[in-house]
Amino acid sequence: YGGSLPKDEL
Amino acid sequence: MNIFRLAGDLSHLLAIILLLIKIWKTRSCAGISGKSQILFAVVYVSRYLDLVTTFISLYNTLMKLVFITSSFATLYLMYVKFKATYDHNHDSFRIEFLLLPCFVLALLINASFTPLEVLWTFSIYLEAVAILPQLFLVSKTGEAESITSHYLFALGSYRALYLLNWIYRYYAEGHYDLIAIFAGAIQTILYCDFFYLYITKVLKGKKLQLPA
């Protein structure tokens with residue numbers, strides 16, 4: 001589905 | 001960081017400030033859904049748990065702290081300081097009907113089955129629908145004060161700008177997160193009816209009043 005944590009967005 | 005992302009974050013920040021100004025200046029939280037504000041507090045707490053595990057940037061940390069703090073400040077103003085002005089008769093949306101399905105969905109569809117990841121996913125799903133009690137309150141009373149309308153417009157614009165950010169990032173960096181994109185699209189769609197009323201009424205100096 002996309003990247004796992006950490007996420008750089010809020 | 002690109003211009004859409006920055007504009008989205010600033011719009012989000014503006015929304016929160018507008019809400020606090022409205023409550024503080026009018027000494028009243030009439031027309032504001034405490035249920036939506038509870039959901040936003042749950043969203044921020046469950047999403048920003050990584051504050052204690054990962055450092056991304058000073059900007060990232062500060063914004064997260066501002067969102068968590070301001071959301072609890074809003075709850076304090078609504079449920080303690082200006083409790084007498086809280087419109088609880090009209091704010092009758094049952095939030096468990098949003099909390100439970102979002103949590104179950106987060107358990108089923110997530111990037112990886114770890115506590116932090118599931119809670120992050122839960123917060124993304126919940127944020128998409130957290131405004132429903134507020135929209136329900138506006139539809140029940142049939143109107144919204146102009147500052148409340150500005151608040152809703154800024155809050156709705158934030159995720160719409162993030163959608164542009166995600167399109168940009170997909171082409172520029174090959175970066176995408178399907179969970180965030182899917183939920184963000186739903187979140188933005190929920191505001192469309194309000195956006196229409198805001199542009200056709202509030203921007204022309206009229207009060208936001210729903211057709212009878």
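The numbers here are math on the coordinates, done by the rules we state, and not lab data. What you are looking at is a predicted structure, and each value in this text was computed from that prediction instead of being measured. Here the Cβ is made from the backbone with ideal geometry for all residues, glycine too, and neighbour counts use every protein chain on show.
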Exercise for review: Determine, from the Cβ-Cβ distance of A:Leu5 and B:Ile21 and an R0 of 41 Å, the FRET efficiency 1/(1 + (r/R0)^6), rounded to the nearest 0.05.
Suggested key: 0.75
Check your understanding: If you stretched the chain out fully between B:Ala84 and B:Phe182, how much longer would it get, using 0.36 nm times the residue separation minus the C-alpha to C-alpha distance?
Key -> 31.4 nm
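Just the Kirkwood number for region B:124-169, please: inverse of mean 1/r across all distinct Cα pairs, in Å, one decimal.
After inverting the mean inverse Cα-Cα distance, the result is 11.9 Å.
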Exercise for review: Would you calculate, for chain B, the mean residue ellipticity at 222 nm contributed by helices, counting each DSSP H stretch of 4 or more residues as -39,500 (n - 2.57) and dividing by all residues, to the nearest 500?
Suggested key: -23500 deg cm²/dmol
**Study point:** Taking only Cα atoms of chain B, radius of gyration then Dmax in Å
**Key:** 17.1, 51
Check your understanding: Of B:Lys35/B:Lys83; B:Lys22/B:Lys207; B:Lys81/B:Lys140, which pairs sit farther than 22 Å apart, going by alpha carbon to alpha carbon?
Key -> B:Lys81/B:Lys140
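Take the Cα gyration tensor of region B:122-212, multiply each eigenvalue by 5, square-root it, and list the three semi-axes largest first, rounded to whole angstrom.
In descending order, the three semi-axes are 28, 15, 9 Å.
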Review point. Any idea how far apart B:Thr61 and B:Leu100 come out in nm if each label point goes 7 Å out from Cα toward Cβ?
Key: 4.0
**Study point:** Tensor-based shape of region B:151-191 (alpha-carbon gyration tensor, a/c under 1.5 rounded, otherwise prolate or oblate)
**Key:** oblate
Check your understanding: Under a plain spin-label model, where a point goes 7 Å from the Cα along Cα-to-Cβ, how far apart in nm are B:Glu145 and B:Lys201?
Key -> 1.7
Practice item. Restrict the search to region B:18-53; then list the trypsin sites (Lys or Arg not before Pro) that DSSP places in a loop and that have at most 14 other Cβ atoms within 10 Å of their Cβ. Key: B:Arg27
Review point. Taking every eigenvalue of the Cα gyration tensor of region B:1-117, multiplying by 5 and rooting it, what semi-axes result, largest first, whole Å?
Key: 27, 21, 12
